[in-house]
Amino acid sequence: MNPEIPETARPKYFLPKENILPQDRLPVPDLISKKWADLGWPLEMQGTGKTDRKTGELRIWYPKGDVFFSFATLIHELGHWRQEEIDENLNKREEIFPDSKATDLNANEQRAYKRGLLRVKKYVPELLQELEAKFQQHQGTGKLKNFNNFEQLLEWHKNFGLAVANSFVGAPDTEDKEEYENYVLEKLKALGMEEKFKEFASLRVGETIDTEYTENVLMKIANDTANE
Ligand SMILES: [Zn+2]
C-alpha cells in the first residue's frame, strides 16, 4: 500500500516543433567554409540530427532544397537521434565540423544512414511510398534515368555523403581555421568531389521539399523514436 507516484506520460525524448529547422542556405562561413561552398558543396547535403540527453529534446536541421536529396539527408539525420546511447561503442560524434572529436566518423555516419532508413521504414512507410511514386513521375520526364527507384538514389546519396565525410578524416587538430579549411578543401579535390558535386547538381529535379508535410512526418518519427 505504498503506491508509487505514476510516471508522467511524457516520453523521455521529444521533438519540439521549434527544433525542426529547415535550412534554405548553406551555413557559410559558420559551419561550411566559403572555399568548400565555392567548390559546389550542395545545400541538400546540409543537416544535423541532435539529441540533448539532459532535456530529452531532439533537434533536426534539414535542407530545404530539391525534394529527393533533401529527404535523403533528412532520413540520414534522424538516424543520428539517440545515437550516443545506441552506438555507445563508437567514439562520440560531436559534429562533422571543425572541432570534431569523432575519430570514427565513418562508422558513425554508416550507422546513421542505416538507422535513419530503418526508422522511416518502420514508422512512416508511407513516406517511402510517396517518394517512390514521385520518383517514378520525375523519371518519366527523363530525369534520374540511371536509377530504377528512390532507394537506388538513396544509396548513391549515401556513398556521396560518406565520401564527403572522408574529406574530414585526418584533418589537423588545430586552432588555425585556414589550415583546417585548406586541408579539407584539398582532400575534397583529391577525392574527386568537385566532379561529384556537379553530378549531384545534375540529379536535382527542380521540386522543393514541402516543409509542412515534412514537419508532420518528423513529429511522427520522433514520437516513435522516443519510445524505442
Ligand atoms: Zn551524419
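We did not get these values from a lab; they are worked out from the coordinates using the rules stated. Since we're looking at a predicted model, the values are computed, not measured. Cβ atoms come from the backbone with ideal geometry, glycine included; neighbour counts cover every protein chain shown.
Worth pointing out:
- Positive-pole candidate from Trp156, Thr141, Ser202, dipole of the range 129-228, charges at beta carbon: Thr141
- Cα→Cβ-extended label distance, 7 Å offset, between Glu178 and Asp30, nm: 2.4 nm
- Pairs of lysine residues in the range 154-222 that meet both criteria, 8 or more places apart or on different chains and Cα atoms under 17 Å apart, total 6.
- In the calculated pair-distance distribution of the chain, the portion above 26 angstrom amounts to 39 percent of the Cα-Cα pairs.
- Computed E for Ala190/Thr141 - FRET, C-beta separation, R0 35 angstrom, nearest 0.05: 0.50
- The range 147-198 - percent relative contact order, Cα under 8 Å, separation 6 or more: 32 percent
- Taking the three principal axes of the alpha carbon atoms in the range 157-211, the coordinate ranges are 40, 26, 18 Å, sorted in descending order.
- Pairs of lysines in the range 105-148 (C-alpha under 21 Å apart; 8 or more residues apart or interchain): 5
- Among Asp66, Asp87, Asp52, Asp173, the order by Cβ neighbours within 10 angstrom, fewest to most, reads Asp173, Asp52, Asp87, Asp66.
- Computed over the chain, relative contact order equals 25 percent, with contacts defined as Cα pairs under 8 Å that lie 6+ residues apart.
- Taking 7 Å steps out from each Cα toward its Cβ at Leu162 and Phe14 produces label points 3.8 nm apart.
- Computed [θ] at 222 nm, deg cm²/dmol, the chain (DSSP H ≥ 4; -39,500 (n - 2.57); rounded to nearest 500): -15500 deg cm²/dmol
- Annotation for Thr55 and Ala107: the two label points, set 7 Å from Cα along the Cα-Cβ direction, are 3.1 nm apart.
- Hydrodynamic radius of the range 109-161 by the Kirkwood approach over all distinct alpha-carbon pairs: 11.8 Å.
- Most simply put, the chain has about 50% antiparallel DSSP beta bridges, counting only bridges with both residues inside it.
- Annotation for the range 123-228: trypsin sites (Lys or Arg not before Pro) lying in DSSP loop with at most 12 further Cβ atoms inside 10 Å of their Cβ are Lys145.
- Kirkwood hydrodynamic radius of the range 125-228, Cα pairs, Å: 16.6 Å
- This model, with +1 at the C-beta of Lys and Arg and -1 at the C-beta of Asp and Glu, gives the chain a dipole about its Cα centre of some 520 debye.
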